[in-house]
Amino acid sequence: MKIECILMIMGLTGLASHAAVLSHYSFDSDYTDGSGNGNDATLTDVGTVGNSGITTTIGESVFGGGAMEFSTDRDYLAFSAQALNGDYTISFWAQQDDAARGWNMAIGERDTNVSFISLRGTGDDVVRWRGSEWVNTSPASSQEEFASVSDTAWHHYAVVGAGTTISLYRDGTLVNTVAGENTDFTVDTIGAAFFSANDFDFEGRIDEVWILDEAADATTVSNLYTTNTLNGVPEPRTAMLASVAVLFLARRRRKSV
């Protein structure tokens, strides 16, 4: 009985360790929020119907069995808005179809021209973060551009707000941290996260979107990059299933003795 209790506690501990997750979209088979908070996304597929959606082609995802593929029709995924104030982390993998294409809007708030994270090519290789309190002065406030790369490979991005500082990690490595910003950010859209008639959408694939209500440290970002977990151990559900499996084997052993 002691063994059973220990195993159950281990499983529950795994669940508790992910308390900071607001939403997690794995895109392995659908647009479900895997955090347990029920903030599932819905695809708006305009233009040519069916040219955006989950791709399960081998090599077109990073973790799991699928990724979200966007066409050039300004298709997007919408979910209930989350206002991120103070400490937060937005983590995702992205692969652009065209290295020279400008302003691939990855994630943010759709019906405004603020609150977005965008990848830019066309010789200006940056990741732009713009907060919800952006003011277009010179220099602009609540907006930063971080040096990046422009190619068609998969890259991992993590934007971390911590009080009045904003940081970007790319592929597990800190690019830069900027202090003195209003870091407030609202997110309700993946792809085409910008209110404009221009071609400000996303063309390519996005995988494993995590939205956290905590400022991830370097170790947590590294875990997201290398293992797609917050703490370097299996996902809570996997941990619980493993505990149940071990419990089942332990019971069988006792019966066979």
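The values are calculated or read from the model by the stated rules, or taken from the named source; none is laboratory data. Since this is a predicted model, take the numbers as computed values, not measurements. Note that we place each Cβ from the backbone using ideal geometry, even for glycine, and neighbour counts take in every protein chain shown.
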How about the stretch 49-156: which strands (runs of 3 or more DSSP E) wholly inside it have at least 1 residues that are of a type in the set (Asp, Glu) and under 21 Å from residue 189 (Cα atoms)?
67-70, 126-135, 141-147
What are the residues in the stretch 211-243 that are in a helix (DSSP H, G or I), aliphatic (A, V, I, L, M) and modelled with pLDDT under 95, if any?
239, 240, 241, 242
Return yes when residue 89 is at pLDDT 95 or above, under 22 Å from residue 23 (Cβ atoms) and over 18 Å from the mean Cα position of the chain (by Cα) and no when it is not.
no
Residue set 17, 80, 35, 29; condition modelled with pLDDT of 95 or more and under 23 Å from residue 220 (Cα atoms); output residue 35
Can you tell me which residue is nearest to residue 135 (Cα to Cα) among those in the stretch 196-231 that are surrounded by fewer than 22 Cβ atoms within 10 Å (Cβ to Cβ) and aromatic (Phe, Trp, Tyr)?
200
Of 98, 73, which residue is modelled with pLDDT under 95, within 24 Å of residue 149 (Cα to Cα), surrounded by fewer than 22 Cβ atoms within 10 Å (Cβ to Cβ) and not basic (Lys, Arg)?
98
Whether any residue in the stretch 122-129 is of a type in the set (Phe, Trp, Tyr), within 27 Å of residue 226 (Cα to Cα), crowded, with 23+ Cβ neighbours inside 10 Å and modelled with pLDDT of 95 or more is what I want to check.
yes
Is it the case that residue 100 is farther than 26 Å from residue 41 by Cα, in contact with a Gly (Cβ under 9 Å, 6 or more places away or on another chain) and among the hydrophobic types (A, V, I, L, M, F, W, C)?
yes
Of the residues in the stretch 157-195 that are in a strand (DSSP E or B) and in contact with a Lys or Arg (Cβ under 7 Å, 6 or more places away or on another chain), the one that is surrounded by the fewest Cβ atoms within 10 Å (Cβ to Cβ) is 188
